[in-house]
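Here the structure comes first, spelled out in structure tokens, and everything after it is commentary.
The values are calculated or read from the model by the stated rules, or taken from the named source; none is laboratory data. Note that this is a predicted model, so its numbers are computed, not measured. So basically every Cβ, Gly included, is an ideal-geometry build from the backbone, and we count neighbours across all protein chains shown.
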Amino acid sequence: MTGFTPDPDLPSPPVVRGLTAGQRLRNYFLTGIVVSGPVVITIYLSFWIINWVDGWVKPIIPQIYLPETYLPFAIPGFGILVLVFGLTILGFLTANLVGRTMLDFGETLLARMPVVRGLYRSTKQIFETVFSQSGTSFRSVALVEYPAPGCWSIVFPSTPPSAEVTTGLPKDDDFISVFLPCAPNPTTGFFFYVARNKVIEVPITVDDAAKIVMSLGLLKPEEEDPRKAAITAAARLKSRAS
């Protein structure tokens, strides 16, 4: 049997080479950063918040009630437990008649202070709007054509403008207030009124929209699990058949 002689006119196949030792070490190093980075940052931020709250709450607690008075070590997070417990008790007391009476008395005193009065009212209105269970502010995500035609930005629709503001807006359109977060810090941004028919709502959550803004578009909303979608579709077909 004669051996196979390759045609000299045909191009030679590419030579497949493995990774060098340096390339493997670099890949291992980058993989270690990707795996450990989020864990380390999460742990660091958690301990930073715990220590910050402890440093703010512990000085106002009598020394006799601190665990380190009786233990040879401090308990991280004790300030957070005291803060959560205190806010819960405050909410419980405010819900009854005595608590409401004391709250009304305190608000009456603040309402008589010229500078503090406006600050307290504005802050109270913001907190009541954000933490309201029945409110609709910042419950949806939308797109508006900003800052130029053909450019679309993520916004959080808020409430319609007040009657005083409506008097200065064009009468032909129905307006709504929106907040446009800045990247990568969504706590800052622009607030403006825009016609409701120019606001396009998108089916993503506020958390996913914040991730997109903070990551400069690198992170995308999590796609729906195909198994969950199949189960949902099967349940719909079964309900229609029945």
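Some points to look at:
- Per this entry, GLY106 is not counted among residues that are at pLDDT below 80, more than 32 Å from the chain's Cα centre (by Cα) and surrounded by 12 or more Cβ atoms within 10 Å (Cβ to Cβ).
- Checklist (1) surrounded by fewer than 12 Cβ atoms within 10 Å (Cβ to Cβ); (2) among the hydroxyl-bearing types (Ser, Thr, Tyr); (3) modelled with pLDDT under 80 applied to THR88, failing item: (3)
- Residues that are in a helix (DSSP H, G or I) and acidic (Asp, Glu), drawn from the stretch 196-218: ASP207, ASP208
- Of the residues LEU90, LEU109, the single one that is more than 28 Å from SER46 (Cβ to Cβ) and of a type in the set (A, V, I, L, M, F, W, C) is LEU109.
- Residues of the stretch 144-187 satisfying the condition of being of a type outside the set (Gly, Ala, Ser), out of contact with any Ser or Thr (no Cβ under 8 Å at 6 or more places or on another chain) and under 15 Å from ALA209 (Cβ atoms): TRP152, ILE154, VAL155, ASN185, PRO186, THR187
- Considering the stretch 175-191, the residues that are modelled with pLDDT of 85 or more and exposed (fewer than 13 other Cβ atoms within 10 Å of the Cβ) include one that is nearest to GLY150 (Cα to Cα), namely CYS182.
- Residue within the stretch 51-73 that is closer than 30 Å to SER158 by Cα, more than 25 Å from the chain's Cα centre (by Cα), assigned to a helix (DSSP H, G or I) and of a type in the set (Gly, Ala, Ser) present: no
- Only one entry of PHE85, PHE47 meets the criterion of being farther than 30 Å from GLY99 by Cα and either in contact with a strand residue (DSSP E or B) (Cβ under 9 Å, 6 or more places away or on another chain) or assigned by TED's automatic domain parsing to the domain that holds GLY99 (or both), and that entry is PHE47.
- Residue in the stretch 149-164 that is exposed (fewer than 10 other Cβ atoms within 10 Å of the Cβ), assigned to a loop (DSSP other than H, G, I, E, B) and modelled with pLDDT under 80 present: no
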